[in-house]
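Report on one structure; see the data block that follows.
The values are calculated or read from the model by the stated rules, or taken from the named source; none is laboratory data. What you see is a predicted model; the values in this text were computed from it and never measured. Glycine gets a Cβ as well: all are built from the backbone with ideal geometry, and neighbour counts include every protein chain shown.
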Amino acid sequence: MLPLLLAALMVLLWACAPTPVEPDPLPEEEIELMRDSAQLLRDTGDPAAAAEIYEDIARASDEIQRAEWMIRAAEAWIEASETERARSLVESLAPAELDRATRFRLAIVLARADLADNRPRQALARLDVREEGVPREVLPTLLAVRGEAHFSMDNVIGGIADIQRQADLLTGEARLNALQDLWDRLLGLPSLPGQEAAAGRPLVAGWLNLARAGQESWQRPDQFDRTVSEWAALHRDHPATELMDQLLAEQRERFRYPEQIALLLPLSGRFSAPAEAARDGFLAAHFNQPADRRPIVRVYDTGNAPERIGEIYRQAVEDGAGLVVGPLTRPALSALLEEERPVPVLGLNYLLDEQAGGPDLIQFGLQPEAEARQVARRVFREGEGRAIALIPDSEWGYRMLDAFRESLEEMGGELLDYDAFRPQARDFSGGLTRVLGLNRSQDRRRQLAQVIDESLEFEPRRRGDIDAIFLAAQDGQASLIRPQLRFHHALGVPVYASSHVYRPGQAPDSDLDGIRFADMPWSIAEAGDARAERERVARLWPELFEQHGRLFALGFDAYRLVPILMNFEEPLQPPLAAMTGVLSLDDNNRIQRELGWAQFVRGIPVPMEPRDISEEIEAPAAVDLELE
């Protein structure tokens, strides 16, 4: 606290000083004081205040030093999520007046702003240069940013190559940090490329093998030590061996459970079926663990009475629970807010107020709106920022629409129009004709026919500014809408959807072909533990699998999250690849899920592979790196 107060005082003193109309150059000792204050503010979570200080230094600096402080200010503005302000600073500099290293630093800052704005394709374009042409002092940073962009575009092989090369240029703690960053990124991927993707590249193959062992330890924690030992014996000279001791220590901590866990679910009443699915997933993960490492699990029925949740919670604590998992419904979770909570809670839903939970209540669930926001990010990232939406005329449909629109517009995209269809409809032609702009084409044809007083042969055309279609629909609705989109001249427009278009185990349906959708590994993984567990549940409990399989996955992941949430100061850092997606924790103690992507091919969902985007990229003309 004291360092932060000192920084605030130094900022206040500087702000209160009289500002001359044309400031004289600052004394070196004053610049050092301001620089240290700014760094302290960045380290303690106030990058915007740091950026203001850097700008003050820049204004009082000569031309040679001004660019340095402007770049630092831009970096701090990006940390503060003020990317436009960062861009305006660096774009005000004249590249022709700067040395080559500084021009590369400008390009790197702009690429970081691109990444913050969900434009990894543009970030890659800025940094698409040969390594030998990059000044040595900025090359590690360029490789790190370019590697991040590759990972953001699902190009795992390219990301490994760049970040490993960055580590090779560093020594000591900086090198270990780069290797740790690479490990963290691999551990948090929804899926890993197959070994054929790393053919002829033993270093990349070694990283993929180790990452696969790390991801599988989520399901089989007792085997990680042995698997890593076997990996190290086969890869004695691999750079990841430098992380072995740290990885083993972290992994042991990830699976240290409390002696007893309480599971609070509505096992009687209207929510009994989904509650049973979540319970069975939780217990499946429990029994996957070696018997000598299993905690005691006590299950409490919360029924249909949210007002009793406080009494049930207190009973669980009195019975010895070290952590409470549940409740499942939002009313019960809201009722728990009124209680003192001496034992932390992992709720299996989300509160409406994002900031209401507090530090001892972590929220984890399957929120539809979060999927709509992820679809919007994917649409924008693919360069398809102008979209229309098709939603059911229901409260659920409008929630999905609002989440998609807000996320798309925040990034600079645009929702051009939407149609709300009747949930039980079978003919969607009226709404599709309007939202695709076919009615305008038909109106023009009628007007022209009246002018020339002749009938015309006519092929209606849809509006030409639609980049993508967001489809919020259940699987039965989607299989009716998709063929009608083709009929209404939207065959070439990519269709994106949430997981609701697919029900695991459904029969192949070619009417869905071409739809791209976000879903959890439990539903779409073609290999690994997620698929094995999915097939086991489908075989043993077919009715549960068909109706509530995703809630089984939620319960499974909730059990695995318990020790991570209890034993780490920064849980889910790095994010964790699990059954329900890649899990991370936001500032409001809400677990966020990053989903994988699949596309229907011959009626079956096929995980989407990264595509080669090199031919689609045109480099932005903001910084000319070739100036001499």
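Here are the numbers for the structure shown:
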quantity	calculated
Residues of the stretch 117-132 classified as over 12 Å from A107 (Cβ atoms), in a helix (DSSP H, G or I) and either in contact (Cβ under 8 Å) with a residue 40 or more places away in the chain or touching an Asp or Glu at 6+ places or on another chain (Cβ under 6 Å) (or both), total	2
Filter result for the condition that a residue is more than 30 Å from L248 (Cβ to Cβ) and at pLDDT 95 or above, over L139, L143, L169, L127	L139
Selection from the stretch 39-70 of residues that are exposed (fewer than 15 other Cβ atoms within 10 Å of the Cβ), part of a helix (DSSP H, G or I) and within 33 Å of the chain's Cα centre (by Cα)	D43
From the options D280, D319, D245, residue that is out of contact with any Ser or Thr (no Cβ under 7 Å at 6 or more places or on another chain) and without any contact (Cβ under 8 Å) to a residue 24 or more places away in the chain	D245
Number of positions in the stretch 486-511 that are buried (at least 18 other Cβ atoms within 10 Å of the Cβ) and part of a helix (DSSP H, G or I)	3
Residue list for the stretch 137-181, restricted to those being free of Cβ contacts under 8 Å to residues at least 12 places away in the same chain and either of a type in the set (S, T, N, Q) or not in a helix (DSSP H, G or I) (or both)	T171, N177
Given (1) within 29 Å of G159 (Cα to Cα); (2) of a type in the set (G, A, S); (3) touching a residue at least 24 places away in the same chain (Cβ under 8 Å); (4) in contact with a Phe, Trp or Tyr (Cβ under 7 Å, 6 or more places away or on another chain), number of the condition A111 does not satisfy	(4)
Residue that is surrounded by fewer than 21 Cβ atoms within 10 Å (Cβ to Cβ), of a type outside the set (D, E) and either closer than 18 Å to N349 by Cα or touching a Phe, Trp or Tyr at 6+ places or on another chain (Cβ under 8 Å) (or both), where the choices are G528, G514, G549, G555	G514
Residue ID - modelled with the lowest pLDDT, chosen from residues in the stretch 184-197 that are surrounded by fewer than 20 Cβ atoms within 10 Å (Cβ to Cβ) and not in a loop (DSSP other than H, G, I, E, B)	Q195
Close pairs (8 angstrom Cβ cut-off, 6 or more residues apart or separate chains): surrounded by fewer than 23 Cβ atoms within 10 Å (Cβ to Cβ) in the stretch 462-485, among the acidic types (D, E) and assigned to a helix (DSSP H, G or I) anywhere	S479/D511; L480/D511; P483/D511
Which listed residue, of G505, G492, is in the same structural domain as Q424 (by TED's automatic domain parsing) and closer than 20 Å to W522 by Cβ	G505
Long-range neighbours under 9 Å by Cβ, at least six apart or interchain, first residue within 12 Å of Y559 (Cβ to Cβ) within the stretch 287-299, second among the hydroxyl-bearing types (S, T, Y)	N288/Y559; Q289/Y257; Q289/Y559; R294/Y257; P295/Y257; V297/Y559
The stretch 338-396: number of residues that are of a type in the set (D, E, K, R) and under 23 Å from E570 (Cβ atoms)	3
Condition broken by G358, with the remaining ones in (1) surrounded by 22 or more Cβ atoms within 10 Å (Cβ to Cβ); (2) touching a residue at least 60 places away in the same chain (Cβ under 8 Å); (3) not assigned by TED's automatic domain parsing to the domain that holds L480 satisfied	(1)
Boolean, R105 is touching a helix residue (DSSP H, G or I) at 6+ places or on another chain (Cβ under 8 Å), assigned to a helix (DSSP H, G or I) and buried (at least 18 other Cβ atoms within 10 Å of the Cβ)	yes
